[in-house]
Every structure is written in structure tokens, then in C-alpha cells.
1. It is to be established whether one or more residues within the stretch 229-243 are of a type outside the set (Val, Ile, Thr), surrounded by 14 or more Cβ atoms within 10 Å (Cβ to Cβ) and within 23 Å of the chain's Cα centre (by Cα).
2. Could you look through the stretch 244-256, keep only residues that are farther than 21 Å from Pro205 by Cα and not aliphatic (A, V, I, L, M), and pick out the one that is most open to solvent (accessible area, probe 1.4 Å)?
3. Residues in the stretch 260-285 that are farther than 23 Å from Leu369 by Cα and open to solvent by 20 Å² or more (accessible area, probe 1.4 Å): how many?
4. Assess whether Ser287 counts as being farther than 30 Å from Gly68 by Cβ, of a type in the set (S, T, N, Q), touching a Lys or Arg at 6+ places or on another chain (Cβ under 7 Å) and without any contact (Cβ under 8 Å) to a residue 60 or more places away in the chain.
5. If you take the residues in the stretch 201-220 that are assigned to a strand (DSSP E or B) and open to solvent by less than 60 Å² (accessible area, probe 1.4 Å), which one is farthest from Leu369 (Cα to Cα)?
6. If Gly177 passes every condition in (1) out of contact with any strand residue (DSSP E or B) (no Cβ under 9 Å at 6 or more places or on another chain); (2) open to solvent by 70 Å² or more (accessible area, probe 1.4 Å) but one, which one does it miss?
7. May I ask you to list the residues in the stretch 62-99 that are within 18 Å of the chain's Cα centre (by Cα) and on the phi < 0 side of the Ramachandran plot?
Amino acid sequence: MIYLPNIESLSSKQTAPRRLFSGRYSSDGGRPMLDFRSSKPSPKLKNCIRNPFEITVTIESPPLVCYGTPKESTGALLSGLIHLDVRETEQKFENFALALNAEVFTHKPVTAHCKDCTTNSSELHKWNLIAEPVVLKKGVHTYPFSYLLPGHLPASNNNALSKISYNLSALAMSIKGDEVKFKHHITLRRAILPGHDRHSIRIFPPTNLCASVKLPPVIHPGGDFPLEIRLDGVVPKRKQNRWRLRKISWRIDESTSVVSPACRHHSNKLGGDGKGMLHENVRTVGSGEIKSGWKSDFESPGGKIEMEFIAGIPAHAEAACDIDSPCGITVFHDLIVELIVAEEHCPTTQTRLITPTGAARVLRMKFRLVCTDRSGLGISWDEEAPPTYEDVPAAPPTYFTIETGSIAEWLPPVYGE
């Protein structure tokens, strides 16, 4: 016997099965028909259209790093190859140019929806690779380029108020009217080589407290650095009172200021051409607290408290490096350290008789930090080249000719004659 499954009727409470085809039905057979009248071309189809030629860039130079301050740096050398890939059998080009541009983007422009107020672009150098009509065959055509970026240029920076970036933009145009644009972003960094440690002394009148601080010469975004502090004078001349350290708190503030210029269409908002609007911003990029771990010495003359801890800027803070650009962008970092000390009354050396007096002070110190990118190998482009000597002439030295009459002077002597 063959058992068939139970077939239940579709009631009104049950939902109808979803149709796999949504569209019109044909008059014959009731098969669904796709409605092509309302369909729009997919944006992916545009990418399927193959361009008759393509532009790519290969950077051959090492990472662009300007070593030293803007007044001392010799710049960074940029070199590479730009490739023009002709995909057709033969193509005639009218123009092919490459330019190095610097862009300054302002997050708080004078007019929010004005492109000229938001972005200011300037051309640093331009290479005219093809200036006259040239016929290129199918294949990849390579053109070299190089440029020495001056050392006074501001490094690539992205802070809370502005952004400085550099890019290579290329434009190729054929006789037929085909046009291909290319844009490649490059990063210019500045690294200040570390030197000797910095030492600073702070005095806190009317007390006898004196703090000696040891700071690193430079710090790096996303890195840590040691900080050493020695607090002297915690035991006054009268031995009955002394200062005890309760807590240490530190933070690193990033101060940013930018002058947003106005374009020629909106310059009347600021009272004329050549004027801008100043914006300032301060944010904390690193902080911490320490409640133990220091060494107190109340027996030595004057007494002292020594401490050493690690401070730094975490990577997730996305801190910007120091910059002082002529275009009106300034970024600097300050380290603020606060020492909370409390006064104690100690008539004897017994610790059980020590009682707090209720007096407390906050010793606040502020130091300017130099935040820069890591130097890496620390070798500038001009130091990689072999040295040149002034005493050596360009041509090899010339040797005197031996005349016939004086050739005997060069012959060895003959004995036995």
C-alpha cells in the first residue's frame, strides 16, 4: 500500500506563500514576466566599462621624512615612476601632466558649504610629461619623476580643527576626448632627533618645597616616556611638621589653533580680503593618577620624596605632532603634573603620634613637550650620498713625461764598469 501525506486546506488565517517572482503575468500560461521598464541600470555596470588607458604610480624613494626643525632640515627627496597603460592598439595623446599639490582643509570654515573656504590647494611642482600630440602604442609607458621637498614645508597633520595633506595628481587626455584622472596621497613627516634629557626646577613659595623634574627631549604619539620627580624640603626647619605626598595626577593637553581664511566671495563677512577667523581648541590626549609607589625619606636634612612613573599618549587618542605653519595652523602639547601634599604634625619619631593638621596644597607644574614622529634610521637624504672633497680635482692627475735625455736618471746603476 502507498501512504500519501495528509493535505490540509489553506485556511483564511494562514498566510499565503511568498511568490518567487514579483512582476506582471503573461496572458498565456500565467507565467510571471519581469518588468524591465522600471529597472534602472546598476552602478556596478559603469565600472565594467574598460577605460582605453590607465594611470598608476610607483614610489621608489623611502618614506618622506624631514629631519630637524623647519629652519635646519634639508628636506625630503621624492622620486618614482608614473605608468601610462595604453589598452588599445594605438592611442594619440594630447596632454599628460603630473602635479604635486598641498591641501589645507579647515573643519570650521567661514562658510560651511563653500568649497573654497573649506579647502585651500596650492601646487608645489608640475611635470609636463607630454606637451605635444604623441602617438603611443599598446603597452605600459613609464615616465620617471623626482622632486626635493623643501625642509620648511609643514608635515602632514590631522588635528581637531584642520588637516594638511599632500597628493600627486595626474591628468591624461587623448585626441578623441578621453580623459583619465589619477590621485595618489603621500605622507610627509617631520622627525626631530632626540638629544639630552631636560631638567627643570620648580619652587613653591611660601613653603620650602622644591621639585626637580627630569623630562625626555622628545615624545612620540602612541608611545610612553619615563618621568622622574624629586621633591625636596618636605621637612621644615622645625621638626614638628612635615609634608606627605598623597596623590600624583598628570595629563597631556593638545592645544590647536587655526586661522580659517575666507574666499573672495565671502571675504565681506570678515571685513575685507586677507582676513581670517581664529579658532582654538584644547583636548586631553593622555592622563593618569598614581596613589602609591614613591619613596619618602624624612630622616635626611630637609627630607625628600622621590618618584618615577611612566606617562605617554595612547595610540587611540590620535594625537597630532607639533606644528607651527605659516598658513595659520599651530599645534603644541603641554604636560601638567599636580602633586597633592598634606601637612602632618609629628612631635616625636613615633609614627602612632603623627596626626594630620588639615592643611593641604596642590603643587601644579606645567611643561612644554616636543611631540614628533619617530626618526627611524635617522639618516637624511643628503647624508646618504658619498662625501665630496674640495681638494680632489674633477679629472685624474696628470703625470710628467720622461724625456730622452733624462731617461738615464731612472735606470738602475750598472756595477763592474
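1. Residues of the stretch 229-243 that are of a type outside the set (Val, Ile, Thr), as a first pass: 230-233, 236-243.
Remaining after also requiring surrounded by 14 or more Cβ atoms within 10 Å (Cβ to Cβ): 230-233, 236, 241-243.
The next check asks that each one be within 23 Å of the chain's Cα centre (by Cα); those that pass are none.
No, because not a single residue in the stretch 229-243 is of a type outside the set (Val, Ile, Thr), surrounded by 14 or more Cβ atoms within 10 Å (Cβ to Cβ) and within 23 Å of the chain's Cα centre (by Cα).
2. Restricting attention to the stretch 244-256, the residues satisfying the condition of being farther than 21 Å from Pro205 by Cα are 250-256.
Pick out the ones that are also not aliphatic (A, V, I, L, M) and you get 250-251, 253-256.
Details: Trp250: 25, Arg251: 78, Asp253: 19, Glu254: 1, Ser255: 17, Thr256: 5 Å².
The qualifying residue most open to solvent (accessible area, probe 1.4 Å) is Arg251.
3. The first filter runs over the stretch 260-285 and keeps only residues farther than 23 Å from Leu369 by Cα, leaving 260-278.
Next cut, open to solvent by 20 Å² or more (accessible area, probe 1.4 Å) only: 261-262, 264-266, 268-278.
Selection size over the stretch 260-285: 16.
4. Working: farther than 30 Å from Gly68 by Cβ: yes; of a type in the set (S, T, N, Q): yes; touching a Lys or Arg at 6+ places or on another chain (Cβ under 7 Å): yes; without any contact (Cβ under 8 Å) to a residue 60 or more places away in the chain: yes.
Answer is yes for this residue.
5. Let us first name the residues in the stretch 201-220 that are assigned to a strand (DSSP E or B), namely 201-204, 209-215, 219.
Narrowing the set further to residues that are open to solvent by less than 60 Å² (accessible area, probe 1.4 Å) leaves 204, 209-213, 215, 219.
Working: Phe204: 22, Leu209: 24, Cys210: 21, Ala211: 18, Ser212: 16, Val213: 13, Leu215: 9, Ile219: 7 Å.
Among those residues, the one meeting the criterion is Leu209.
6. All conditions are met except number (2).
7. Start the filter on the stretch 62-99 by keeping residues that are within 18 Å of the chain's Cα centre (by Cα), which leaves 62-70, 73, 75-78.
Matches in the stretch 62-99: Pro62, Pro63, Leu64, Val65, Cys66, Tyr67, Thr69, Pro70, Ser73, Ala76, Leu77, Leu78.
So that you can scan it fast, the table gives a plain yes or no per residue for (1) touching a helix residue (DSSP H, G or I) at 6+ places or on another chain (Cβ under 7 Å); (2) among the small types (Gly, Ala, Ser); (3) open to solvent by 70 Å² or more (accessible area, probe 1.4 Å):
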site	(1), (2), (3)
Cys321	no, no, no
Ser325	no, yes, no
His333	no, no, no
Ile336	no, no, no
Ala342	no, yes, no
Val370	no, no, no
Arg374	no, no, yes
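The values are calculated or read from the model by the stated rules, or taken from the named source; none is laboratory data. This is a predicted model, so every value here is computed, not measured. Here the Cβ is made from the backbone with ideal geometry for all residues, glycine too, and neighbour counts use every protein chain on show. Remember, those area values only see protein heavy atoms, side chains included, never the ligands or the DNA or RNA. Shrake-Rupley method; radii C 1.70, N 1.55, O 1.52, S 1.80 Å.
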